[in-house]
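The values are calculated or read from the model by the stated rules, or taken from the named source; none is laboratory data. For clarity, every value in this text was computed on a predicted model and none was experimentally measured. Counting neighbours? That spans all protein chains shown, and the Cβs are built from the backbone with ideal geometry, glycine included. When the accessible area is computed, the model is the full protein with side chains, heavy atoms only, and any ligands, DNA or RNA have been set aside. Shrake-Rupley method; radii C 1.70, N 1.55, O 1.52, S 1.80 Å.
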Amino acid sequence: MDLSIDANGVLDTARRISAVPAKLAMAQRRALGTLRRRWPVIARRDIQTEYALSAARIRAGLGVRNTAEGVELVGVARGVGLRNFASKRSADDRGLDYTAVRGRRSFKRSGFHRRYGGADIAFERTPVAGAKRVPRTPIRRLYGPSLAQMLRHGDRPERMGQAGLDVITAEIDRLLLRSLRR
C-alpha cells in the first residue's frame with residue numbers, strides 16, 4: 001500500500017503569505033503615486049466651488065511634493081492677479097467690477113485693465129495725498145487671494161486631508177485585493 005500526500009497547495013499558500021509584505025510595500029508606493037495624481041484635481045474642484053477662478057489657473061498654482069512623512073499638497077504663495085478672477089470694466093466706466101469669491105461682487109473705483117507683457121492685468125490708480133501735484137497718478141497691480149491662502153481657508157485643510165486618506169485607503173484596498181486574487 002502506497003501513501004502519497006500532495007503538498008503543492010500548502011507550499012503555494014506559504015509562498016503567497018510570504019509575499020504579502022512585499023505586496024503591501026508596493027501597494028503603499030502605488031497608492032501614494034495615485035494620491036499625487038488625484039489630489040490636485042480634488043483640491044481644484046473644491047476651490048472652484050468657492051472662488052471664481054479658472055481650472056487652468058488653479059492647476060498652475062497647485063502641486064504635490066514628496067516629504068519624509070509622505071506627500072503634501074502645496075499652493076503657490078504669490079497672489080493671483082485680479083484679472084484671473086471674473087472681472088470687467090463697470091457699466092458706467094467708473095472702475096472695475098470683480099468677483100473673487102463666488103456670489104460676492106466687489107468694486108474698485110479706480111481699477112482698470114491693461115495689456116502688459118502679453119497678459120491682461122488689473123491695475124488701480126493710487127490716491128496721492130497732500131497738496132503736491134503729480135503729473136501722472138501712480139498705479140499698482142491688483143491681486144486676489146493666493147492659492148496657498150485658498151488651501152488654508154476654512155475647513156479645506158481637513159477636507160483635503162480626509163480626501164487624501166480616502167484615496168490612499170481605497171487604492172491600497174484595490175491593489176491588495178487584486179494581488180491576493182492572483
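Considering only residues in the range 87-118 that are of a type in the set (A, V, I, L, M, F, W, C) and open to solvent by 50 Å² or more (accessible area, probe 1.4 Å), the one that is modelled with the highest pLDDT turns out to be PHE107.
Can ALA77 be described as under 29 Å from VAL167 (Cα atoms) and of a type in the set (Gly, Ala, Ser)? Don't jump to the end; show me each part of the working.
Details: under 29 Å from VAL167 (Cα atoms): yes; of a type in the set (Gly, Ala, Ser): yes.
In short, yes.
Of the set (1) outside the structural domain of PRO127 (by the TED database); (2) surrounded by 11 or more Cβ atoms within 10 Å (Cβ to Cβ); (3) part of a strand (DSSP E or B), all apply to ARG65 but (2).
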